[in-house]
Structure formats: structure tokens, C-alpha cells
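Each remark here refers to the structure printed beneath this line.
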Amino acid sequence: MIVALLVVGFTLSFGLAAAGLYLWFPSERDHALSAQRDFARMEYAIEGASNITRMRRFSPVPWVDTTLSWWPGIAGWERLRRQAGMSLSLDWLVLSVIGPTSFIFLLMAMGGLDPMSGGIIVALIWGGVRGILAKRAARRLRDFQRQLPEALDMMGRSLRAGHSLLAGMKMVSDEFPAPVGPEFGRVVEEATFGVPLGEALGHLTDRFDSAALRFFVTSVMIQRESGGNLVEVITSISQMARKRFELAAKVRAVSAEGRLSAMILFALPLVLAGLLYLINKEYITILFQDPLGRTMVTTGALLMIGGAAVTKRMVTVRI
């Protein structure tokens with residue numbers, strides 16, 4: 001009976017994880033899928049005027065969307081997923097993590113895994129998925145910041161030629177690759193469907209935490225309210241963004257030695273443990289079989305994580 005439950009649990013868990021992980025890989029349908037998951041709705045105010053907004057759901061299935069909306073911190077996961085540019089919806093993302101998590105809990109219930117080890121594995125699974133999302137979001141933000149000065153220059157040239165700001169954004173969406181092109185195309189699409197331009201640009205700043213982008217959005221809003229030479233402002237922001245990116249590259253090159261030292265110090269205990277396991281398995285397994293040894297391993301892992309976090313803050317310079 002126990003073997004049958006384990007087989008069924010492993011099959012279901014593997015299926016859930018495989019279904020979710022299959023959709024992790026990006027494809028050419030990313031933007032189409034993202035557009036399909038944004039459900040537009042029409043709301044009517046007291047005066048009867050229409051107000052077009054964008055209603056984003058966690059899942060197209062109503063009961064799944066309601067269940068996910070009850071989860072604490074689910075909005076942060078959704079924001080991180082959008083910042084990472086994931087093609088899959090949040091329900092499939094959570095499904096790919098729930099699969100192996102349910103199998104770990106099943107092993108713990110059957111006595112095949114102690115609670116401490118199971119809790120550590122579950123924490124590593126969820127933390128690893130969030131770390132992957134954060135890394136993809138950071139890489140996408142770097143690409144956006146690298147392309148933003150050229151995009152601002154194109155919008156400035158479009159304004160000098162007599163086009164509107166929305167037409168300049170449309171040119172950027174047509175000429176630039178991801179992520180700048182599709183993101184400005186999304187702003188144009190929202191503005192075309194009736195969303196105020198300031199609100200559409202605010203959605204863009206939610207997806208990309210960039211100082212240059214915030215300066216650009218603020219300048220556009222001020223220019224629309226009080227007027228001014230938007231071309232000169234955009235040119236200045238483009239030059240500032242280019243200099244900030246160059247300074248960030250220099251800081252990253254200077255701090256490369258510290259980051260490499262941190263990675264070596266973090267990987268050294270793991271590599272030594274692996275070598276000892278290959279050389280003398282009985283010698284290293286005592287550390288994990290004895291209760292005192294497990295406590296020491298847990299304490300050491302927590303100290304290593306804390307040290308890695310402190311070292312990362314020391315070598316990270318915000319520009």
C-alpha cells in the first residue's frame with residue numbers, strides 16, 4: 001500500500017512539475033500569450049462615462065484565480081513573474097513548484113524523510129524558483145537599461161520631425177528587439193485602447209525599476225501638464241542613462257574580484273564535502289546520520305547563507 005501511494009504520488013508530482021517546467025522555456029508566442037492573459041473590461045462611472053482598465057488575473061480558471069488570490073504574497077510573485085518576462089501564467093508557475101513539494105510532503109508523511117530535511121528541501125525548491133525569477137528579472141532589466149538610451153534618442157528624433165510622442169513610441173516598438181520594443185509596444189497598445197498615457201507609462205515603470213525610465217515618465221507627465229521642450233529633456237535623460245550604464249559597468253568590473261572571492265568561499269565547503277563523500281563515504285555520512293551532525297550542518301548552512309547575503313551587499317554598489 002505504501003509503495004503504491006509513493007508511486008502514485010511520484011507520478012502526479014512529476015507530471016505537475018513537468019507540465020509547469022515545460023512552459024518555463026520562452027518561445028515566439030510569449031507576447032501573444034501575455035496579451036491573451038490580460039483581460040480587458042469596461043467599467044462605468046456614476047456619470048455613465050466609460051473607463052477602460054486592464055484586469056490581470058492569476059489564472060483564466062475562475063476557481064484557481066480565486067484560490068491564488070487568497071495566498072499571502074501572491075501579488076509579489078505575479079509582479080516578479082511579469083518583471084522576468086515569463087511566458088507562462090502564474091498558475092502554471094505555482095503548479096511546477098507544488099508538484100515536487102507535494103511529493104516531499106508525501107515522503108514526510110510516510111516516514112521516508114525527516115521533517116527537518118523535508119523542510120530544508122521545500123525551502124530550497126521555493127527559494128530556487130524565486131531566485132531564478134529574480135535573476136531573469138535582473139538580466140531583463142539590464143537589457144532594458146542598455147537599450148533605453150537608443151530608444152530615447154529615436155523618440156527625440158521623431159519629435160523633432162514633428163511626430164507625436166505616441167508615434168515615436170510606436171517606432172521604437174517596431175524597430176527595437178525585446179525587451180524595449182515589446183514593452184513600448186504594450187504602452188502604445190494600452191494608450192490606443194483608451195488607457196491614459198500616464199497610467200500606461202506607470203505600468204511600464206512597475207515592470208522595470210529604472211531611474212532613467214522614471215525620469216522619462218515624470219518629464220512626460222510634467223510636459224503634458226505645463227508644457228516645455230520635451231526633445232531637450234529626452235536628450236538629457238538619454239545622455240544621463242548612457243553615463244549611468246557606463247559607470248555601472250565600471251563598478252561591476254572593479255568589484256569582480258570581491259564577487260569571485262565570495263563565490264569561491266561559498267562553494268569551497270560544498271566541494272570539499274563532495275570530495276570526502278567520494279573518497280570515504282562512511283566518514284562523511286556520520287555527519288548527516290548523527291543528530292549533532294545534522295544540527296551542525298544546518299547551522300553551518302544558515303551561517304553560509306547569511307555570509308553570502310552580507311558579502312553580496314558589500315560588493316553591490318547601487319548607481
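Nothing in this text is a laboratory measurement; each read-out follows from the coordinates by a stated rule. Keep in mind that what you see is a predicted model, and the values were worked out from it rather than measured. Because the Cβ atoms are built from the backbone with ideal geometry, glycine has one as well, and the counts that use them run over all protein chains shown.
Please order Leu68, Leu166 by the number of other Cβ within 10 Å, starting at the fewest.
Least to most surrounded, the residues fall as Leu166, Leu68.
Please give the FRET efficiency for Leu268 paired with Asp143, using the beta carbon to beta carbon distance and R0 = 30 Å, rounded to the nearest 0.05.
After rounding, the FRET efficiency stands at 0.40.
Neighbour counts of other C-beta atoms within 10 Å: give me Ile120, Ile264 arranged from fewest to most.
By the 10 Å Cβ count, ascending: Ile264, Ile120.
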